[in-house]
Amino acid sequence: MSEILERLRDRLGDRVSVEREDRVEHSHDYWALTALRSSLGQPPPEVAAVVRPADTSEVSWVLAQCNSTGTPVIPYGLGSGVCGAIVGRPDAVVLSLEGLTGLRHLDEHNATARFGAGTRGSDAEAAVATDGFTLGHQPQSIGVSTVGGWVATRASGQFSTAYGNIENLITDIEVVLADGRVLRTDTVPRSATGPDLRQLFLGSEGTLGVVTEVGFSLIRRPESTAGQAFHFPDMDSGLTAIRTVLQAGWTPPVARLYDSRESLHHFPENCPEDRCALLWVHEGPEARVEVEIDAVSRLCLEHGAESMEPTTVDHWFEHRNRVSPWESFFERGIVLDTIEVGCSWDRAPELYHEAVRACSQVEGVLSVSAHSSHSYRSGTALYFTFLARPGDSSMMEQSYLDCWAAVMGAVSAVGGVISHHHGIGRVRRGYLVEQLGEVGVGLLRSVKSVLDPRGILNPGALIPDD
Ligand SMILES: Cc1cc2nc3c(=O)[nH]c(=O)nc-3n(C[C@H](O)[C@H](O)[C@H](O)COP(=O)(O)OP(=O)(O)OC[C@H]3O[C@@H](n4cnc5c(N)ncnc54)[C@H](O)[C@@H]3O)c2cc1C
């Protein structure tokens, strides 16, 4: 280890940090289980160093050095991933993208912009907002995640129902491969030049390459934004309403349906007990927004809804990115997490009920709830939250794992996908073979062995061991 660190320090100087605090901070992401273990006195191992290249050529050089010595490299955006894709190990270095930030290029005519991969999401959004654009990507973590991290995790924003997810919003990417070679894809709206190489890196969680630049296809800030809200007698009727609206061709960017437990928690002032709140946000040219509001309202009322105060949507806008830290729950003996999954419309009601039922059976569970967070013409994403307080702290980890197993089991039983947007990391790695099949995971391993034959890139994340 000391040999590679010396080599890296020769060129990067104090941008190779071995400060303990720095190493500890970069040896984890925002995975609840790592936080729980740390709170119980079992923090993850620390990486050997944090390396901060300043540009693509330095990333390329660092990777070539690490590849030649077989040194594991963990790419790091802002560590907001929630699946344990980042867990320290003493033989690894973290490659921080914080030196590769900022707007590189904004082309108003073509409505495109390119950023260094380490750019914080909120900074990227602010940089294009001054020219009247939006990225159209609004994850809850926009202030604590990077544009490169969005690509590496196949992220999804709150406005995805109209604008799409990260894979629909980017034009091109620049990626450095494990041996230091640099791949740049073309800045074109679409191509038919064989398989789309960008897809190899979307969701690769740092295991196939390091994203160094991300180009976006921008959206003009809408002329009009308006919200409306309804409450339904149950999840099933609310889901039917969303499906009907989207299949009729309406394109509201936000459609969020909360079960009665979450409705009461988030909107106690506006949503009656035992009802499910459905929030819509409409955006675009004013004339279209007006027509869409009327049509969506009519469809909701036809499906058993009653109107709610439109201020419910203002309340959501104000509070949508607030999250309590894990530790505030752990200190009360409570374990919790969120699990987002996806499925087709015909399975959505059953998946919702089955996951809530199965997870509620886990010993010590206090509550299981969900909302539909992102929807499509053919299906939706369900975002579950569980809280459990087992008898004593030694049972907290088991309780956590049992809750996960219950929800993953429900997906397997009903049919769907084990992650809609948070990714695999370590928390879902054990469930990936069942999801992709032996052929699918075998293909993933083959791709890994070609792109990263020495296995230096983020070992232990995403791809299950052979
Ligand atoms: C409060 C909160 C809210 C969240 N809300 C959302 C949400 O609405 N939607 C959503 O999709 N996710 C959400 N997340 C999850 C998380 O923010 C996303 O996964 C995000 O995309 C991670 O970005 P990051 O820069 O922090 O990446 P990190 O956590 O640093 O890294 C995530 C993974 O990507 C790899 N990686 C990071 N940067 C690069 C790079 N440049 N090249 C190659 N690999 C890289 C890492 O090795 C790791 O495997 C939320 C998380 C939190 C804590």
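The values are calculated or read from the model by the stated rules, or taken from the named source; none is laboratory data. The structure presented is a predicted model; accordingly, all values stated were derived computationally and were not measured. Quick reminder, even Gly has a Cβ in these numbers, built from the backbone with ideal geometry, and neighbours come from all protein chains shown.
All conditions but one from (1) modelled with pLDDT of 95 or more; (2) over 18 Å from the mean Cα position of the chain (by Cα); (3) away from the ligand (no atom under 13 Å from the Cβ) apply to ASP465; the one that does not is (1).
Within region 1-54, the residues that satisfy the criterion of being loosely packed, with under 15 Cβ neighbours inside 10 Å and of a type in the set (S, T, N, Q) are SER2, GLN42. Taking the conditions exactly as written (touching a helix residue (DSSP H, G or I) at 6+ places or on another chain (Cβ under 9 Å), of a type in the set (Gly, Ala, Ser) and surrounded by fewer than 22 Cβ atoms within 10 Å (Cβ to Cβ)), does SER378 satisfy them or not? Yes; evaluated as a whole, the condition is true for this residue.
In the set (1) farther than 22 Å from GLY238 by Cα; (2) crowded, with 17+ Cβ neighbours inside 10 Å, GLY430 fails one condition alone, (2).
When VAL427 is tested against the conditions (1) over 27 Å from VAL182 (Cα atoms); (2) more than 14 Å from the ligand (Cβ to nearest atom), the lone failure is (2).
Sort out for me the helices (runs of 4 or more DSSP H) sitting completely within region 138-249 that have 2 or more residues that are away from the ligand (no atom under 16 Å from the Cβ) and crowded, with 24+ Cβ neighbours inside 10 Å.
Values: elements: 147-153, 160-163, 166-169, 198-201, 235-247.
Output list reads 235-247.
Go through region 97-118 and count every residue that is outside any strand (DSSP E or B) and exposed (fewer than 15 other Cβ atoms within 10 Å of the Cβ).
Keep residues of region 97-118 that are outside any strand (DSSP E or B), which gives 97-102, 108-111, 117-118.
Checking which are exposed (fewer than 15 other Cβ atoms within 10 Å of the Cβ) leaves us with 102, 108-110.
Summing the residues that are outside any strand (DSSP E or B) and exposed (fewer than 15 other Cβ atoms within 10 Å of the Cβ) in region 97-118 gives 4.
Residues of region 119-130 that are more than 13 Å from the ligand (Cβ to nearest atom) and surrounded by 15 or more Cβ atoms within 10 Å (Cβ to Cβ): GLU125, ALA127, VAL128.
For ARG454, the requirement of being away from the ligand (no atom under 14 Å from the Cβ) and not in a loop (DSSP other than H, G, I, E, B) is not met. Only a single item in (1) more than 21 Å from the chain's Cα centre (by Cα); (2) crowded, with 17+ Cβ neighbours inside 10 Å is not met by VAL368, and it is number (1).
Mind checking whether some residue in region 290-307 is farther than 24 Å from PRO139 by Cβ, of a type in the set (D, E, K, R) and part of a strand (DSSP E or B)? So far as region 290-307 goes, yes, one or more of its residues are farther than 24 Å from PRO139 by Cβ, of a type in the set (D, E, K, R) and part of a strand (DSSP E or B). So in region 321-342, with the set limited to residues that are surrounded by 15 or more Cβ atoms within 10 Å (Cβ to Cβ) and not in a strand (DSSP E or B), which one is farthest from the ligand (Cβ to nearest atom)? Top of the filtered list is GLY333. Apart from one condition, ASN270 fits all of (1) of a type outside the set (A, V, I, L, M); (2) part of a strand (DSSP E or B); (3) modelled with pLDDT under 95; the exception is (2). Could you tell me whether region 173-182 includes any residue that is more than 19 Å from the chain's Cα centre (by Cα) and closer than 26 Å to GLY284 by Cα? No, that holds for no residue. Just one of the listed residues (VAL411, VAL441, VAL450) is touching a helix residue (DSSP H, G or I) at 6+ places or on another chain (Cβ under 6 Å), among the hydrophobic types (A, V, I, L, M, F, W, C) and not assigned by TED's automatic domain parsing to the domain that holds TRP150, and it is VAL441. On the stretch given as region 71-96, residues that are closer than 18 Å to ALA32 by Cα, in contact with a helix residue (DSSP H, G or I) (Cβ under 7 Å, 6 or more places away or on another chain) and not in a loop (DSSP other than H, G, I, E, B) total 1. Scanning region 251-264 for residues being under 19 Å from GLY304 (Cα atoms) and either in the same structural domain as LEU387 (by TED's automatic domain parsing) or in contact with a helix residue (DSSP H, G or I) (Cβ under 7 Å, 6 or more places away or on another chain) (or both) gives a total of 4.
I need the full set of residues from region 434-454 which are in contact (Cβ under 8 Å) with a residue 24 or more places away in the chain and surrounded by 14 or more Cβ atoms within 10 Å (Cβ to Cβ), in order please. Outline the logic, then answer.
Residues of region 434-454 in contact (Cβ under 8 Å) with a residue 24 or more places away in the chain: 447-448, 451-454.
Result: VAL447, LYS448, LEU451, ASP452, ARG454.
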